[in-house]
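The next block holds one structure in the form of structure tokens; read it before the comments.
Every number in this text was worked out from the coordinates using simple rules, so none of it is lab data. No experiment lies behind these values; they were computed from the predicted model shown. For neighbour counting, all protein chains shown are included, and Cβ atoms are generated from backbone atoms with ideal geometry for every residue, glycine included.
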Amino acid sequence: MHKERSFIEKLVLFLKGLAMGAANKVPGVSGGTVSFVLGFYEELIYSFQKINFVALRLLMNGRFRSFFKYINAQFLVLVITGSLFSYFSVSLVLDYFLRNYELYVWSWFFGMIIGSIYYISKDFGEWTIKNSVSLVLGVAVGISISFLTPAGENDNLWFVFLCGIIGVSGMTLPGLSGSFILILLGNYVLLLVDSVNALFNVLASLASGNFDVLSDPVKIRYLKIIGVFTVGSGFGLVSISHVLGYVLKRYHQIVIAIIIGFITGSLGIVWPWKEKVYKQVNDEFLLDQNGDRIILNYKRFLPNVGQTETWVAIFFILLGIALILGIDYYGRARKK
């Protein structure tokens, strides 16, 4: 697992982190699914699992080289850097396409998730009663989550910390969208839109030599929020990874069956044909920091086969499936 990587392998790993980070920001899409399909999920879990008391002792004793090797730091740095970079690059491109070509973006994601189900289940092995029950349980939980009603926004720092722990689940649990969970908790706009934009504005202002931004109470509030959210996310990554690492070793097929179920259940969340239900108070739409309406949930409906855009959307579904099958073919060809 701690192999020396070539420059090309490092670049590819960074790009995989980029894809995972972009997926994490889109409600309904799981970064964990991306990491699973791209083949670095288990290394991600086991690397986070190495952040423990042994690693802390190596760090405290000044054995930095041993520390970095023990936690597989090269791998973690490349993936996390790619994920963070995507928030200010790829995810902004995704935001643009979601605003202007929403149906086709959701169709593409829908197709990729269908392809992912095939990709993960094709080498599963024997479907015993335990595995089948685990699959059904995963599907049921995934579908149930998609029909929950979102809560209201809550900027209490203890709750923001909790959101960090829960929201990061999208990186560690394939099929479970951390962004969608944050919508259900009422804090998606606060944490992944307003706070991220505020951080970007502060960094841009500081880079241009404008330090007055640090005296802006609104900006400072958002910095505190995103700081606590980041700490909660880091704590969640390590703690959840320890649990997953333990169960993956002992109940591998059952866990994979639940993951397949989660991913299947999440198809309801990314169903392409839907319209937004916006948050309202006294018949007035609530707006976020950018002046956009705050999404409360989605109302799903069946496609109209008589419309051209429906067939274009179906094309993008097939394109998404083909992309995953192409990744699978490429991976098998490399092993030969």
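Put in line by how crowded their Cβ is, counting other Cβ atoms within 10 Å and starting with the fewest, 252, 242 read 252, 242. Counting neighbouring Cβ atoms within 10 Å and putting the fewest first, the residues 116, 215 line up as 215, 116.
Computed from phi, the 3J(HN,Hα) profile of the stretch 188-193 under the Karplus parametrisation 6.51, -1.76, 1.60 (θ = phi - 60°) reads 4, 5, 4, 8, 9, 10 Hz, with x in place of Gly and Pro.
Here's how it looks for residue 298: its modeled amide H is under 5 Å from those of 277, which are all 5 or more places away or on a different chain. Length gained on full extension, residue 243 to residue 218, computed as 0.36 nm times the residue gap minus the Cα-Cα distance: 5.3 nm. Rg/Rh for the chain (Cα atoms only, Rh after Kirkwood) is 0.97. Counting only whole DSSP H helices of the chain, the ones at least 24 Å long by C-alpha along their axis and with mean Kyte-Doolittle hydropathy no lower than 0.5 are 7-25, 102-121, 129-146, 217-250, 308-335. Its Cα gyration tensor gives the stretch 24-144 an equivalent ellipsoid; the semi-axes, largest first and in whole Å, are 32, 24, 11. Sequence-distant contacts, meaning Cα pairs under 8 Å at least 6 residues apart, place the relative contact order of the stretch 7-335 at 28 percent.
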